[in-house]
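Engineer: Please read through the structure below; I'll follow up with questions.
The values are calculated or read from the model by the stated rules, or taken from the named source; none is laboratory data. These numbers were taken from a predicted model, which means no experiment stands behind them. Neighbour counts are summed over all protein chains in view; Cβ atoms, including those assigned to glycine, are modelled from backbone coordinates with ideal geometry. Just the protein is used for accessible areas: all its heavy atoms, side chains included, with ligands, DNA and RNA removed. Shrake-Rupley method; radii C 1.70, N 1.55, O 1.52, S 1.80 Å.
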Amino acid sequence: MIPASVRYHRAADLAEALELRRAYGDLLRPLAGGQSLLPALKLRRDRVDTLLDLGRIGELSYVAHRGDHLAVGALTRYQRLLTDPLVDRYAPMLATAAAAVGDPQVRHAGTVGGALAQADPAADLPLALVALDAVVVLASTAGTREVPAAELAVGPGATLCRPDELVTEVRVPLPGPARWSYRTFARPALEWSLVAVAVADGRVALAGMGPTIRRARGVEAALADGAGAAAAAARADEDCDPVDDVRASAAYRRHLSRVLVARALADCSPEVRP
Amino acid sequence: MTVDARPGTEAVTVTTTVNGRADSRQVPARTLLVHLLREELGLTATTVGCDTSSCGACTVLLDGRSVKSCTLLAAQADGADVRTAEGLADGDRLHPVQEAFREHHALQCGFCTPGMVLAVVSLLDENPGPLTEHDVRRALVGNLCRCTGYHNIVRAVLALDAARQAG
């Protein structure tokens, strides 16, 4: 399989990429690592006029400690999160989530910004970023704006990122959670998570339980009211709308969410309190 | 603005160093790296198994790191150093990973072997070890052997790791 005919342009730097986005908008599809986009193009599930390759914008590949937050550049590859000492010290959940992504080959190519822009409701790294209350920086030629990671995705594959914008950075607030857990349940090794949960102190986020990654507000409210892990976890699938498909029924996903939340809260016990 | 002024081209020039040899050629933008290697350069050790980024048969090294060449455009490799199984041996002398695979009979039909060997080269380069059996199996999760010959592959990698730890 090869993609349909497509045009290709490699951006020399961020300034050029933003200028092209301003001028041509959605005529250009940003290409980061391509680990989700290329399979979609090969299967003809997606069509693109022109690929705007961001892969050589070195200025967007970094991990930096900036006092009250840890900044991760959008073109930072997953594999770096596994070994970066700043990630290990300040936001180790990102390394755990990155390790759950695909395999080493995919992690050598796939990027943090690509995962966010792809807005897959079962994605690992965006789940961790929602639980960590991270902020996503969107840039255009007019400047930058910050969007909470929890609000970036508006549906499967759809985000608040405008046609003239690019995801340039994520900021993880510091200090990070005192207690955290990341739990995922997938079928064979390479499948996407059926359901995954990330807990960071009193914040609980779920992947695979609706069109976007979401906070489990019912669980959080129960914890805030002093409920134990079991009682709180029983509310994991409140207000959720998991898909019913060939991989798993909606009822099974709901069951998984309750089990995984209970295990994740137990991982954090007894200090999990907002 | 006119449509013709939009950026991008349907043909791209891809300049690479493949197994130490410089190469530059024009290909359609949609050309996958694996097709550049197999069909343009004639390097057919790199195989296409699933063609969906699952099986790892197409694994090559891009600037020293394992990637799946069925899921990268050739254009994304422009300027990079690419290594395939053809580029591992030093003349008649096998690469240590190839030698370990032979020693431990870590192949059956051989279809997955080039990708498997390159995934191991990348693993040993990135991870100083010592490696457990679990580490090795986790690191090779993206490489499928349909002969199911995993045990000897894992033995070969563990033997390589033990040798370098001792050495």
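Engineer: Assuming A:Lys42 fulfils every condition listed in (1) within 14 Å of chain B (Cβ to nearest Cβ); (2) at positive phi apart from one, which condition is it?
Structural biologist: Result: A:Lys42 passes all but (2).
Engineer: Within region B:53-72, which residues are farther than 21 Å from B:Arg138 by Cβ and facing chain A (nearest Cβ under 7 Å)?
Structural biologist: Correct list: B:Leu72 only.
Engineer: Something else now. If I filter region A:53-64 for residues that are in contact (Cβ under 8 Å) with a residue 40 or more places away in the chain and more than 14 Å from chain B (Cβ to nearest Cβ), do I get at least one hit?
Structural biologist: Yes: region A:53-64 contains one or more residues that are in contact (Cβ under 8 Å) with a residue 40 or more places away in the chain and more than 14 Å from chain B (Cβ to nearest Cβ).
Engineer: Looking at region A:156-174, I want the residues that are on the phi < 0 side of the Ramachandran plot and have a partner that is polar (S, T, N, Q) and open to solvent by less than 50 Å² (accessible area, probe 1.4 Å) with Cβ atoms under 6 Å, at least 6 apart or on another chain. Which pairs are those?
Structural biologist: A:Asp164/A:Ser140; A:Glu165/A:Ser140
Engineer: Condition (residue is exposed (fewer than 15 other Cβ atoms within 10 Å of the Cβ) and either among the hydrophobic types (A, V, I, L, M, F, W, C) or more than 27 Å from B:Gly8 (Cβ to Cβ) (or both)) applied to region B:75-87: is it met by at least one residue?
Structural biologist: For region B:75-87, residues exposed (fewer than 15 other Cβ atoms within 10 Å of the Cβ) and either among the hydrophobic types (A, V, I, L, M, F, W, C) or more than 27 Å from B:Gly8 (Cβ to Cβ) (or both): absent.
Engineer: Look at A:Leu27 and say whether it is free of Cβ contacts under 8 Å to residues at least 24 places away in the same chain and surrounded by 14 or more Cβ atoms within 10 Å (Cβ to Cβ).
Structural biologist: Details: free of Cβ contacts under 8 Å to residues at least 24 places away in the same chain: yes; surrounded by 14 or more Cβ atoms within 10 Å (Cβ to Cβ): yes.
Taking the combined requirement at face value, the residue satisfies it.
Engineer: Are any residues in region B:49-64 touching a helix residue (DSSP H, G or I) at 6+ places or on another chain (Cβ under 7 Å) and either surrounded by fewer than 18 Cβ atoms within 10 Å (Cβ to Cβ) or not assigned by TED's automatic domain parsing to the domain that holds B:Gly8 (or both), and if so, which ones?
Structural biologist: Correct list: B:Thr52, B:Gly64.
Engineer: Now, a different point. May I ask you to verify whether B:Leu144 is out of contact with any Lys or Arg (no Cβ under 7 Å at 6 or more places or on another chain), surrounded by 17 or more Cβ atoms within 10 Å (Cβ to Cβ) and assigned to a helix (DSSP H, G or I)?
Structural biologist: no
Engineer: Out of the residues in region B:7-30 meeting the condition of being open to solvent by 30 Å² or more (accessible area, probe 1.4 Å) and aliphatic (A, V, I, L, M), tell me which one is nearest to the other protein chains (Cβ to nearest Cβ).
Structural biologist: From region B:7-30, those open to solvent by 30 Å² or more (accessible area, probe 1.4 Å) are B:9-11, B:13, B:15, B:17, B:19-22, B:24-26, B:28, B:30; that's our starting set.
Cutting the leftovers down to aliphatic (A, V, I, L, M) gives us B:11, B:22.
On the way: B:Ala11: 9, B:Ala22: 19 Å.
Checking each candidate, the answer is B:Ala11.
Engineer: Taking the options A:Ala32, A:Ala109, name whichever one is at the interface with another protein chain (Cβ under 8 Å from one of its Cβ atoms), within 30 Å of B:Ala57 (Cβ to Cβ), in contact (Cβ under 8 Å) with a residue 60 or more places away in the chain and buried (at least 23 other Cβ atoms within 10 Å of the Cβ).
Structural biologist: On the way: A:Ala32 fails: at the interface with another protein chain (Cβ under 8 Å from one of its Cβ atoms).
That would be A:Ala109, the only listed residue that is at the interface with another protein chain (Cβ under 8 Å from one of its Cβ atoms), within 30 Å of B:Ala57 (Cβ to Cβ), in contact (Cβ under 8 Å) with a residue 60 or more places away in the chain and buried (at least 23 other Cβ atoms within 10 Å of the Cβ).
Engineer: If you don't mind, another one. Out of region A:1-30, which residues are farther than 15 Å from A:Glu165 by Cβ and either in a loop (DSSP other than H, G, I, E, B) or modelled with pLDDT under 95 (or both)?
Structural biologist: Once the filter is applied, which keeps residues that are farther than 15 Å from A:Glu165 by Cβ and either in a loop (DSSP other than H, G, I, E, B) or modelled with pLDDT under 95 (or both), region A:1-30 yields A:Met1, A:Ile2, A:Pro3, A:Ala4, A:Ser5, A:Val6, A:Ala12, A:Asp13.
Engineer: Within region A:31-126, considering only helices (runs of 4 or more DSSP H) that don't extend past its boundaries, which have at least 3 residues that are out of contact with any helix residue (DSSP H, G or I) (no Cβ under 9 Å at 6 or more places or on another chain) and at pLDDT 95 or above?
Structural biologist: A:85-90
Engineer: Could you tell me whether any residue of region B:61-79 is more than 11 Å from the chain's Cα centre (by Cα), assigned to a strand (DSSP E or B) and at pLDDT 95 or above?
Structural biologist: The answer is yes; a qualifying residue exists.
Engineer: When you scan region B:7-26, do you find a residue that is within 21 Å of A:Gln79 (Cα to Cα), modelled with pLDDT of 95 or more, of a type in the set (Lys, Arg) and not assigned by TED's automatic domain parsing to the domain that holds B:Asp125, even just one?
Structural biologist: No, region B:7-26 has no match at all.
Engineer: Check B:Leu107 against each of (1) surrounded by fewer than 22 Cβ atoms within 10 Å (Cβ to Cβ); (2) touching a residue at least 12 places away in the same chain (Cβ under 8 Å); (3) within 14 Å of another protein chain (Cβ to nearest Cβ) and name the one condition it does not meet.
Structural biologist: All conditions are met except number (3).
Engineer: Would you confirm, using the coordinates I've provided, whether B:Arg102 is under 11 Å from the mean Cα position of the chain (by Cα), basic (Lys, Arg) and either under 30 Å from A:Leu75 (Cα atoms) or at pLDDT 95 or above (or both)?
Structural biologist: Here the answer is no, as B:Arg102 does not meet what is asked.
Engineer: Taking region B:6-23 as the region of interest, how many residues are touching a Ser or Thr at 6+ places or on another chain (Cβ under 9 Å), within 19 Å of B:Leu43 (Cβ to Cβ) and free of Cβ contacts under 8 Å to residues at least 40 places away in the same chain?
Structural biologist: Matching residues across region B:6-23 total 2.
Engineer: Working carefully through the options A:Arg29, A:Arg66, A:Arg22, find the one that is assigned by TED's automatic domain parsing to the domain that holds A:Ala131 and among the basic types (Lys, Arg).
Structural biologist: That would be A:Arg66, the only listed residue that is assigned by TED's automatic domain parsing to the domain that holds A:Ala131 and among the basic types (Lys, Arg).
Engineer: Also: Pull up region A:63-100, narrow it to residues that are open to solvent by less than 50 Å² (accessible area, probe 1.4 Å) and of a type in the set (Ser, Thr, Tyr), then point me to the one that is farthest from the chain's Cα centre (by Cα).
Structural biologist: Ranking the qualifying residues of region A:63-100, first place goes to A:Thr76.
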